[in-house]
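Chemist: Here's a structure for you.
The values are calculated or read from the model by the stated rules, or taken from the named source; none is laboratory data. What you see is a predicted model; the values in this text were computed from it and never measured. Please note: Cβ atoms are built from the backbone with ideal geometry, for glycine as well, and neighbour counts cover all protein chains shown. What goes into the accessible areas is simple: the full protein's heavy atoms, side chains included, and nothing from ligands, DNA or RNA. Shrake-Rupley method; radii C 1.70, N 1.55, O 1.52, S 1.80 Å.
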Amino acid sequence: MDKAFDPRALEPVWRARWDQLRIGIADPQSDRPKYSIGLPPPNITGVLHLGHAMGFSIQDALARNRRMCGYEVEWCPGTDHAAIATQNVIERQLAAEGTTKEQLGRPMFKARVDAWYEEYGGRIFEQMRRLGFTCDWSRARFTLDEAYVRAIRTAFKCLFDDGLIYRGPRIVNWCPRCLSAISDEEIDWQEHSDSLVYLRYPVDGGGEIVVATVRPETMLGDAAVAVAPGDPRYRDLVGRTVRLPLTGRTVPIVEDQAVQPEFGTGALKVTPAHDPTDYEIGERHRLPMITVIAPDGTMDVPDLPQFDGIPAAQARLVITEALRQAGVLVKEEEYTHEVGHCDRSGDVLEPLISAQWWVRMGELSQPAIAAISDGHTRFHPSRYTDVYLAWMSGIRDWCISRQIWLGHAIPVSTCANGHTFAWIDQPAECPACGDAHLEHDTDVLDTWFSSGLWPFAIFGWPEDTADLARFYPTDVCVTARDIIFLWVARMIVLGLRFTGRSPFAHVVITSTVQAADGTRMNKSKGNAVDPLVMIEEHGADAVRAWAASVGTGGQDVRFHRQRIESYQRFANKIWNATRFLVARLDNGEGVMSAPDDSVGIDELEPEDRWMLSQVAETVEAVDASLAGYRFHEAMDRLYEVTWHSFCDWYVEMIKPRLRDDAPATSRAAAAQTAITTLDVLLRLLHPFMPFITEECAQRLPGAAPSLQLRDWPQVAPGWREGLAAPHRAAVDELLQLVQRIRILRNDSGVAPGERHRLQLSGGDPVMTGAERRRLVTALVLVEVEDDAVLDGGVTVVAGGLEARYHLMIGDRERERAQRRLTELEQVIATIQARLANPGFTGKAKPEVVAETRRRLDEALREQRALRAQIREDEKDARR
């Protein structure tokens, strides 16, 4: 093996091997149990970001694990046409060329988009391959594929014919840049500091009422002033009217529960056409909807030419000044609030009333609520269940139309006789009357409508395909919390409507990656991290291990490169341990020789049993973590056991036993345990770190072409209770002593090659003195006297094992002993107080109480030993 693991050299080799072995290509005719995942489709023009790297790494880990567990795994990839995002890019290109899409015309614009998709489409797949993802690339789908388009039209027509899709005017979030409606879930809320303007509205018949607003420009469209029911300040004004400044219109004063009496003056100017809350107030009180802002974001008030055509942001200043001049501006205050922006263009959104296509969600939401409430689909972490249910319980009708050129055309036409109908295949005539003069709807569908069909449309729905029958419903959806409403809820709604089954059994919500300072990552801020750069610098395994370690903890995580670097070092640690074992056990071909199967249980040494017990626990712990979608727990456990227990301790303990001159039986037992442990750990780590584990596994005897063709590890009989457990505590105790001796040597400035006498006394009786002596000398440079009468030296205590380390005692060692004695007095007092508390001993788990008593016993023995050492030292000093 090379001296160091080289990801750049080995990753392409293994990607090619997996392709050659057709890893990931599922067979619907297989008799194995199925496991399926629909990859959340990234934008076809997109690039891999840390969110992708995290979520996709978790999905690949699931896919690899399930294959090794004997499942026929279908992980279906695909891409989204990203209508608004792609159109924005193309329009910016056209603007740079001095033209627009309107000047270009729809046919030429479509050709431009097709060329863009041809040039950039699918590049994210190549980036995904860099991370070693084993999707079923043969089934890759695109939301503009012909079959997918047919699925979308079929779904739309079914809902339309069932009366669940309608067209009507309602208030929407309008992007003046995209000239399209935007859903509530696509708003990017940003903090703004604006002026809260207080305006005096004269009340007809005498008096006045003062309102507060951050949008004085919309007062031109006011239809009422609202106050909270029963507000004593305005009780006498309800039912009267006010005359609006600048326009002279008269509007009523009404009571409404939506008013917050503590905001401003408690009196709210109501502009139903330009505020969602005001719109609802307007509907309740049947107020006129007066539009004063045009779709392009300019003022639309032809009766007030001094304001007409001015951009709304500029009009705010102009109209505020006009109100000041009119003597109705009372005061201005600085006010910080959140303002909605288009998450694609970044422009400030304008609430406008617009005729749109809507899905009636009342009927559709009930089965989707029941699917979660009844446990057919479960969220991980479970707290997102309440988030989902709360949103679904208050869900409004879904606006599914967008006013852009790119996307799935709304499949609706209207004939000259006024018949409006939905269709799957573009019609030549009206099915009701045969009229051939058809006007097709010009809107396109919300991207989330098309992607809401993803879990079943990717398998061929509405056709009754073998893939659909075999792989739907899928088993898990791994996604981010910010699209629970945008995507997850809609997939459940549409899946239940069209297939009668929830589209997945589990929803895993991944963590959100933040910049190191806790802010949102953004390219414009310069704090975004390119995962491809991380792969290039640290290897794909390090990025994937990082993703598993932080992706399912349930909390947002700050990105720190050091964490990825630590997993790069981890990969090197695995490589070096494998390299050492190959060097000691080489069969002449760079592969470890097969272990001697004749080695019996009784011939295993304590450290072999100790290692196998941890292997058994690790298999069960990783299984439990994966079953609960707690990947961070699995990765942490594997890191700890592989790096520390195996590489740092076990391999070091058996080095003398693997020498050629070591006793044959002991050498065979060490080789068998080392190979068994490495084999199991590589298989457990494989879903998270596939490249390093594949390469190292090739050095094991009888290696398969790929770990994907191996079985998932099972706990062998006797690894724990019947074989290893009695020696676990004894070895742990010994290793704790060795660790403390190493710290002592380092603190005392002992040279690396310097040897001292070590006296041992006590210790777990399951281990013999000879075994204890052998292990200590393998781990630290000392001459061991076992079962000795302790005399002089520095005291070291671990569990029931006491030692005296004989180095020249100086002032440093004396100070250390006194310091430690003071620490022990505090520790003992704390533990004794805890054990004296009935609330602890009566309520804590028995094993916790037992461990606390053990710690007290160890502290007391160390205290006695240190006091004896100090007394002996004082006697020597007097001599």
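Chemist: Are any of the residues in segment 70-82 touching a residue at least 12 places away in the same chain (Cβ under 8 Å) and in a helix (DSSP H, G or I)?
Modeler: no
Chemist: Now for a different question. With respect to Pro169, determine if the residue is assigned to a loop (DSSP other than H, G, I, E, B), touching a residue at least 24 places away in the same chain (Cβ under 8 Å), farther than 30 Å from Asp467 by Cβ and in contact with a strand residue (DSSP E or B) (Cβ under 6 Å, 6 or more places away or on another chain).
Modeler: no
Chemist: Looking at Pro305, Pro367 in this structure, which one is surrounded by fewer than 18 Cβ atoms within 10 Å (Cβ to Cβ) and farther than 25 Å from Trp398 by Cβ?
Modeler: Of Pro305, Pro367, the one residue that is surrounded by fewer than 18 Cβ atoms within 10 Å (Cβ to Cβ) and farther than 25 Å from Trp398 by Cβ is Pro305.
Chemist: Looking for something in a loop (DSSP other than H, G, I, E, B), crowded, with 16+ Cβ neighbours inside 10 Å and modelled with pLDDT under 95 - is there at least one such residue anywhere in segment 352-360?
Modeler: There is no residue in segment 352-360 that is in a loop (DSSP other than H, G, I, E, B), crowded, with 16+ Cβ neighbours inside 10 Å and modelled with pLDDT under 95.
Chemist: Quick check on my filter: what residues within segment 67-99 are aliphatic (A, V, I, L, M), closer than 23 Å to Arg630 by Cα and buried (at least 24 other Cβ atoms within 10 Å of the Cβ)?
Modeler: Of everything in segment 67-99, just one residue is aliphatic (A, V, I, L, M), closer than 23 Å to Arg630 by Cα and buried (at least 24 other Cβ atoms within 10 Å of the Cβ), namely Val73.
Chemist: Still on this structure: Would you mind telling me which numbered condition in (1) open to solvent by 30 Å² or more (accessible area, probe 1.4 Å); (2) closer than 29 Å to Gly168 by Cα; (3) within 28 Å of the chain's Cα centre (by Cα); (4) of a type in the set (S, T, N, Q) Ser382 fails?
Modeler: Of everything listed in (1) open to solvent by 30 Å² or more (accessible area, probe 1.4 Å); (2) closer than 29 Å to Gly168 by Cα; (3) within 28 Å of the chain's Cα centre (by Cα); (4) of a type in the set (S, T, N, Q), Ser382 misses just condition (2).
Chemist: Kindly indicate whether Val387 is of a type in the set (Val, Ile, Thr), surrounded by fewer than 17 Cβ atoms within 10 Å (Cβ to Cβ) and touching a helix residue (DSSP H, G or I) at 6+ places or on another chain (Cβ under 9 Å).
Modeler: Yes.
Chemist: Right, next: So which residues in segment 400-419 are out of contact with any helix residue (DSSP H, G or I) (no Cβ under 8 Å at 6 or more places or on another chain), touching a residue at least 12 places away in the same chain (Cβ under 8 Å) and closer than 19 Å to Pro169 by Cα, if there are any at all?
Modeler: Once the filter is applied, which keeps residues that are out of contact with any helix residue (DSSP H, G or I) (no Cβ under 8 Å at 6 or more places or on another chain), touching a residue at least 12 places away in the same chain (Cβ under 8 Å) and closer than 19 Å to Pro169 by Cα, segment 400-419 yields Ser401, Gln403, Ser413, Thr414.
Chemist: Can you tell me which of (1) open to solvent by 30 Å² or more (accessible area, probe 1.4 Å); (2) over 44 Å from the mean Cα position of the chain (by Cα); (3) among the hydrophobic types (A, V, I, L, M, F, W, C) is the one Ala224 doesn't meet?
Modeler: Of (1) open to solvent by 30 Å² or more (accessible area, probe 1.4 Å); (2) over 44 Å from the mean Cα position of the chain (by Cα); (3) among the hydrophobic types (A, V, I, L, M, F, W, C), only one is false for Ala224: (1).
Chemist: Next up: Which residues, counting only those in segment 578-613, are of a type in the set (A, V, I, L, M) and under 12 Å from Leu658 (Cβ atoms)?
Modeler: Leu581, Val582, Ala583, Leu585, Met592
Chemist: All but one of (1) among the acidic types (Asp, Glu); (2) modelled with pLDDT of 95 or more; (3) closer than 25 Å to Ala111 by Cα hold for Glu429, so report the exception by its number.
Modeler: Unmet condition: (3).
Chemist: Let me ask you something else. Quickly run through segment 626-638 and pick out the residues that are closer than 19 Å to Trp712 by Cβ and open to solvent by 10 Å² or more (accessible area, probe 1.4 Å).
Modeler: Leu626, Ala627, Gly628, Tyr629, Arg630, Glu633, Arg637 - these are the residues of segment 626-638 that are closer than 19 Å to Trp712 by Cβ and open to solvent by 10 Å² or more (accessible area, probe 1.4 Å).
Chemist: Test Leu737 against the stated conditions and say whether it is aliphatic (A, V, I, L, M), open to solvent by less than 30 Å² (accessible area, probe 1.4 Å) and touching a residue at least 12 places away in the same chain (Cβ under 8 Å).
Modeler: Yes: the conditions hold for Leu737.
Chemist: Among the residues of segment 763-779, what is the count of those that are under 20 Å from Leu790 (Cα atoms) and not in a helix (DSSP H, G or I)?
Modeler: Here the count works out to 5.
Chemist: In segment 320-348, which residues are part of a strand (DSSP E or B), closer than 13 Å to Tyr198 by Cα and open to solvent by 40 Å² or more (accessible area, probe 1.4 Å)?
Modeler: Val330, Lys331, Glu332, Glu333, Glu334, Tyr335
Chemist: If we keep just the residues of segment 788-817 that are assigned to a loop (DSSP other than H, G, I, E, B) and at pLDDT 70 or above, which is most open to solvent (accessible area, probe 1.4 Å)?
Modeler: Filtering segment 788-817 for residues that are assigned to a loop (DSSP other than H, G, I, E, B) and at pLDDT 70 or above, the one most open to solvent (accessible area, probe 1.4 Å) comes out as Val789.
Chemist: Considering only segment 497-556, state which residues are aromatic (Phe, Trp, Tyr) and in contact with an Asp or Glu (Cβ under 9 Å, 6 or more places away or on another chain).
Modeler: Phe504
Chemist: Would it be correct to say that Ala594 is small (Gly, Ala, Ser) and either over 30 Å from Val476 (Cβ atoms) or in a loop (DSSP other than H, G, I, E, B) (or both)?
Modeler: yes
Chemist: Checking Arg64 against (1) of a type in the set (D, E, K, R); (2) open to solvent by 10 Å² or more (accessible area, probe 1.4 Å); (3) not in a loop (DSSP other than H, G, I, E, B): exactly one of these is not met. Which one?
Modeler: All conditions are met except number (2).
Each row is one residue, and each column tells you yes or no for (1) out of contact with any strand residue (DSSP E or B) (no Cβ under 6 Å at 6 or more places or on another chain); (2) modelled with pLDDT of 90 or more; (3) open to solvent by less than 60 Å² (accessible area, probe 1.4 Å).
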residue: His506; (1), (2), (3): no, yes, yes
residue: Ala515; (1), (2), (3): yes, no, yes
residue: Val550; (1), (2), (3): no, yes, yes
residue: Thr578; (1), (2), (3): yes, yes, yes
residue: Leu585; (1), (2), (3): no, yes, yes
residue: Val599; (1), (2), (3): yes, no, yes
residue: Asp602; (1), (2), (3): yes, no, no
residue: Leu612; (1), (2), (3): yes, yes, yes
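Chemist: Looking at segment 139-166 only, could you name the residues that are open to solvent by 10 Å² or more (accessible area, probe 1.4 Å) and part of a helix (DSSP H, G or I)?
Modeler: Arg139, Glu146, Ala147, Val149, Arg150, Arg153, Thr154, Lys157, Cys158, Phe160, Asp161
Chemist: So, in segment 474-497, how many residues would count as being more than 12 Å from the chain's Cα centre (by Cα) and either open to solvent by 40 Å² or more (accessible area, probe 1.4 Å) or over 22 Å from Thr447 (Cα atoms) (or both)?
Modeler: Qualifying residue count for the region: 3.
Chemist: Give me a count of the residues in segment 173-215 that are farther than 26 Å from Phe485 by Cβ, among the polar types (S, T, N, Q) and open to solvent by 30 Å² or more (accessible area, probe 1.4 Å).
Modeler: 2
Chemist: A further question follows. List every residue pair whose Cβ atoms sit under 8 Å apart, with the two residues 6 or more apart in sequence or on different chains, where the first one lies in segment 824-835 and is closer than 18 Å to Val797 by Cβ and charged (D, E, K, R) and the second, anywhere, is open to solvent by less than 90 Å² (accessible area, probe 1.4 Å) and in a helix (DSSP H, G or I).
Modeler: Pairs that qualify, where the first residue is closer than 18 Å to Val797 by Cβ and charged (D, E, K, R) and the partner is open to solvent by less than 90 Å² (accessible area, probe 1.4 Å) and in a helix (DSSP H, G or I), are Glu825/Gln863.
Chemist: For segment 1-38, give me the residue count where each residue is within 22 Å of Trp137 (Cα to Cα), of a type outside the set (D, E, K, R) and part of a loop (DSSP other than H, G, I, E, B).
Modeler: 9
Chemist: Keeping to segment 403-443, report how many residues are closer than 20 Å to Gly163 by Cα, of a type outside the set (Gly, Ala, Ser) and open to solvent by less than 40 Å² (accessible area, probe 1.4 Å).
Modeler: Residues flagged as closer than 20 Å to Gly163 by Cα, of a type outside the set (Gly, Ala, Ser) and open to solvent by less than 40 Å² (accessible area, probe 1.4 Å) within segment 403-443 amount to 9.
Chemist: Also: Mind checking which helices (runs of 4 or more DSSP H) fall wholly inside segment 368-485 and carry at least 3 residues that are under 30 Å from Ser625 (Cα atoms)?
Modeler: Per the criteria, 383-393, 454-457, 466-471.
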